[in-house]
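Worksheet: the structure to be examined is printed underneath.
The values are calculated or read from the model by the stated rules, or taken from the named source; none is laboratory data. What you see is a predicted model, and the numbers here were worked out from it, not measured in a lab. Ideal geometry is used to build each Cβ from the backbone, glycine not excepted, and the neighbour counts take in all protein chains shown. The area values use the complete protein model at the heavy-atom level, side chains included, leaving out ligands, DNA and RNA. Shrake-Rupley method; radii C 1.70, N 1.55, O 1.52, S 1.80 Å.
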Amino acid sequence: MEPRATNELTTQKTFILRKLYKDETFPEHGPKHIDFWYNKSLYGRIDRHENVVVPKVTAIKQYPSDNGSYFGLNFVVDAFVGLQSAFEKGMMLNTVATAGTVYSGLRIRRGIQSTSNVYYDYLQILHSMFIDSYLQAFHKMSEITTFKAYITEFIKYLDDRLPFAPITKSGFMTSMFATPYMSGLVLELRNEDHASDLPKKEAYIEDPNFNVFRNTAQQYGFMVDKNAPWRLVADLASPFMQRYGIPYDVEPAAGSASNIFDTHYDRVYTQDIELLKRFFFLAYETFIEMYPTARQEKVVECEGASTLKINLEERIPYNEQVYEQDYPDSFWIQLYTIFRIKEMEIHLTEPRKRVIIKDILELFPRYGFESTVKYINNRIIDMSPNRWWSHRDIDSDKDTHDIFQSGGRTPSPPPPSRRPTPPTPRPTETPPVIPTPTCTSG
């Protein structure tokens, strides 16, 4: 039987044929490979502590290419250039076949995918769905005349759809909407159909250069993707790959990712709340630009006759400075916690959820914004039912973890946050009461 799985087959046939490819087609022996489909789906998007991460902008470098502009992490680009040179030398020495092979010339066809651009595009789609499939479909447009009404309905909309439609960037980065390319560790040599298994076998695995390709790739710190043999992925634990990171402050430590997640990545939880705040404000601005008036309809009885009275009410714009006053950090910390609990499918009883949020809000004034958000992230990871490692080393987060383990009474508080806690402003618009998501078990 041949591994002929495609996305056009029935579910049963696809399952059987995918298993055939997984278990019997791709060689398990030999150089290390990676499997994004079954056990490494978040490789390069979470660090060793399970923090969601994205590449630092300053760590991105362009691949040398004569067929487009492609980018990746700096040391990955350098390693690939070394791999290219080795293959070219092998072709000249006739140790690498040049005819009848897809691996003769290694030319990049795809590199890093911008996390910011894809997340932004995703939020635009989510916003459009909120308007089309919720506000308009359920005849709620006339109720939205202020930002408070707008965000209240948006929160209700999201509560029914999380975790399948995440709103935070952390939730997005670990969802089906994000891709391995966002890590900066992945590059493709050809544009192929990932869903068709037979060409993978016939054109790549049976290629005369396949074993030379994957052996040489390993010598330069790369793994071949089991489900896309034209795709290379940087092995962060490889001493060969770490060697290329030395000029970029990577400390070699074979067998682990060393300090790469510190030197080359940002933790997404540090960005989440600011991105949420910005999104809701700009989304409301877009909404009132598209729909500047709310159509109010009322049936009026007059002398025994019914008359439909239509009134067009202008939607109220929102000043950004007033927005900051009306919705302080405490509001966003609470909303963010609720969103992340829902996105991570953490099932809690309502009393338990209220206690967690109460603890967070009590500690926020004492330890500041940054330490509080860091704790929320740690707590969410610890409560998550979908852990990637059975034990999480929290030494690097010890200060913040200790604060909350002791109920906020630790004698050694963490350094003050670089971002001061703002005084509670006198609101001009009362923020909505945040609805707590309904969960079934605790």
Might you work out the accessible area of S142 for me, using a 1.4 Å probe with all protein chains in place, and round it to the nearest 10 Å²? 40
Would you please give the FRET efficiency between E301 and Q62, computed as 1/(1 + (r/R0)^6) with r the Cβ-Cβ distance and R0 = 56 Å, to the nearest 0.05? 0.20
Backbone N under 12 Å from the K358 label point (7 Å along Cα→Cβ), restricted to region 312-351: 351
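Considering only protein heavy atoms, with the full assembly of protein chains and a 1.4 angstrom probe, order D382, D235 by accessible area, largest first.
Numbers: D382 65, D235 20 Å².
Output order, biggest surface exposure first: D382, D235.
Which net charge results for the neighbourhood of D159, defined as the other residues with beta-carbon distances under 14 angstrom from its beta-carbon, given Lys and Arg at +1 and Asp and Glu at -1? Spell out each step's value before the answer.
On the way: positive: K156, R161, R340, K342, K353; negative: E153, D160, E343, E345, E350.
For residues surrounding D159, the net value is 0.
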Defining a contact as two alpha carbons under 8 Å apart and six or more residues distant in sequence, what relative contact order in percent does region 19-145 show? 14
1.4 Å probe accessible area per residue over region 46-96, in Å²: 45
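Taking the Cα centre of region 323-374 as origin, sum charge times position over the Cβ atoms of Lys and Arg (+1) and Asp and Glu (-1), and report the length of that vector in debye to the nearest 20. Mind showing how you got there, number by number?
Working: 8 positive and 9 negative charges, 57 e Å.
About 280 debye.
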Carbon and sulfur together cover what percent of the accessible area of region 32-177 at a 1.4 Å probe radius? 54
Of all the accessible heavy-atom surface of region 351-390, with the other protein chains kept in place and a 1.4 Å probe, what percent is carbon and sulfur? 54
Work out how much length M129 to D23 would gain on full extension: take 0.36 nm times their residue separation and subtract the Cα-Cα distance, in nm to one decimal. 34.1 nm
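Once you order the gyration tensor axes a ≥ b ≥ c over the Cα atoms, which shape class does region 170-276 get: rounded for a/c under 1.5, otherwise prolate or oblate by comparing a/b with b/c? Walk me through the numbers on the way to the answer.
Details: a/c = 3.45, a/b = 1.32, b/c = 2.61.
Since a/c reaches 1.5 but b/c is at least a/b, the shape of region 170-276 is classed as oblate.
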For D266, what charge total do you get from the other residues with a beta carbon under 11 Å from its beta carbon, if Lys and Arg give +1 and Asp and Glu give -1? +1
Give me the Debye-computed log₁₀ of I(q)/I(0) at q = 0.18, 0.21, 0.23 Å⁻¹ for region 83-196, equal point scatterers on Cα only, no solvent, two decimals. -0.98, -1.13, -1.23
In nm, to one decimal, how far is the modelled label at R48 from the one at V81, with both set 7 Å along Cα→Cβ? 2.8
Report P(r) for region 72-136: all Cα-Cα distances, bin width 10 Å, range 0 to the bin holding the largest distance, values in whole percent. 17, 26, 19, 14, 13, 8, 2
Lysines with Cα under 22 Å of K374, excluding same-chain neighbours fewer than 8 positions away: K56, K169, K277, K342, K353, K358, K398
Within region 195-229, list the residues whose amide N lies under 12 Å from a label point set 7 Å along Cα→Cβ of I16. none
With a 1.4 Å probe and every protein chain left in place, tell me how much accessible area K148 has, in Å² to the nearest 10. 70
Once label points are set 7 Å from the Cα along Cα→Cβ at both N259 and M383, what is their separation, rounded to one decimal in nm? 3.4
